[in-house]
Amino acid sequence: MIEVEWWEFDDAETMAGEVAGDIGFIIEKAIETNGKAELALPGGQTPQPILEVLAKRDFDWSKVRVFPTNERIVDAGSEYSNFEMLERILGPTGATVEPLLDHHQHWSTKEAGQSADARLAGFSWPVDLVWLGMGDDGSTASIFPNVMDDAINAPKARRAIGVTPDPMPADAPVDRVTMTRGALLAAHTMIVTLSGAQKKELLEKAIDDGPLSNVPIGRVLAETEIPIDIYWSAN
Ligand SMILES: O=C1O[C@H](COP(=O)(O)O)[C@@H](O)[C@H](O)[C@H]1O
């Protein structure tokens, strides 16, 4: 049975302060211990207010490297890019924000996955933090329900693969690259952030179903060997 602790908040703003505080502690400890901090961060809406609070903290940001857990295969500057979002919020701090892809190249989905895999080899595994979000369908990073086998069962050494979602998510109908389950689990600390009653119910069931879960977040969390903190806000 995995070890999870839920932290519940009335609103996204209160949650942002708490999560940013906890991530700040992880960064400080990592810099103190190893002289650097390496963090895998989610895309989507939920992380943005948290990152905005975190960006106001006064670390030696030059020792912090972050990268997205997943990315949309889009041109440089696209509003769909998770890297662009991280760069916009954390770039001004002086942290190094690493893309999973060279967005100036025109990759096939498979090539994009291979390229992301090669880029991820440049980090020190396990990384200090893997932070996950969750979609309405139980997806996490860009591991989607109907097409999750390759990411869930990837060879241990494979950290990223290309993904064609089926169906395509309406809010960003493009192919992706995602960290594999093996890479997502290679972390000193793992947290999940989400909001809304429907997602809470879905995640509780996914955790209860464990390795038999039919949604990606359940299949990923079922294999964790470290305690997981789950931060949830009602809205
Ligand atoms: O598309 C994505 O969405 C999920 C969930 O995002 P949210 O807006 O519901 O918080 C996110 O975890 C993933 O990294 C992102 O690419």
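The values are calculated or read from the model by the stated rules, or taken from the named source; none is laboratory data. On a predicted model such as this, the values are computed, not experimentally measured, just so you know. Reconstructed Cβ throughout: ideal geometry from the backbone, glycine too, with neighbour counts over all protein chains shown. The accessibility values were calculated without ligands, DNA or RNA, using every heavy atom of the protein model including side chains. Shrake-Rupley method; radii C 1.70, N 1.55, O 1.52, S 1.80 Å.
Say R0 is 30 Å: what FRET efficiency, to the nearest 0.05, do residue 79 and residue 188 get from their beta-carbon distance? Don't jump to the answer; show the numbers that get you there.
Numbers: r = 32 Å, r/R0 = 1.08.
For residue 79 and residue 188, the calculated efficiency is 0.40.
For the cross-link pairs 156/200; 56/110; 56/200; 36/156; 29/110; 156/199, which exceed 32 Å when the distance is taken from alpha carbon to alpha carbon? Checking Cα-Cα distances, 56/110; 29/110 exceed 32 Å.
Can you work out the FRET efficiency for the pair residue 4 and residue 45, with r the C-beta to C-beta distance and R0 = 22 Å, to the nearest 0.05? The formula returns an efficiency of 0.45 here. The modelled label-to-label distance for the pair residue 18/residue 212, using points 7 Å beyond Cα in the direction of Cβ, is 3.2 nm. Directionally averaged projected area (the chain, Cα convex hull): 11.4 nm².
What number, in percent, do you get for the relative contact order of segment 4-233 if the mean sequence gap of Cα pairs under 8 Å and at least 6 apart is divided by its residue count?
Result for segment 4-233 is 24 percent.
Surface exposure of the chain, expressed per residue as accessible area with a 1.4 Å probe, stands at 46 Å². With each label modelled as a point 7 angstrom along the Cα→C-beta vector, the residue 149-residue 226 pair spans 3.1 nm. Rolling a 1.4 angstrom probe over the chain with all protein chains present gives an accessible area of which 47% lies on carbon and sulfur atoms.
Normalised by 2.2 N^0.38 Å, where N counts its residues, the alpha-carbon radius of gyration of segment 1-139 equals 1.07.
For residue 204 paired with residue 137, estimate the spin-label separation in nm (one decimal), with each label point 7 Å from Cα along the Cα-to-Cβ line. So the two model labels end up 2.5 nm from each other.
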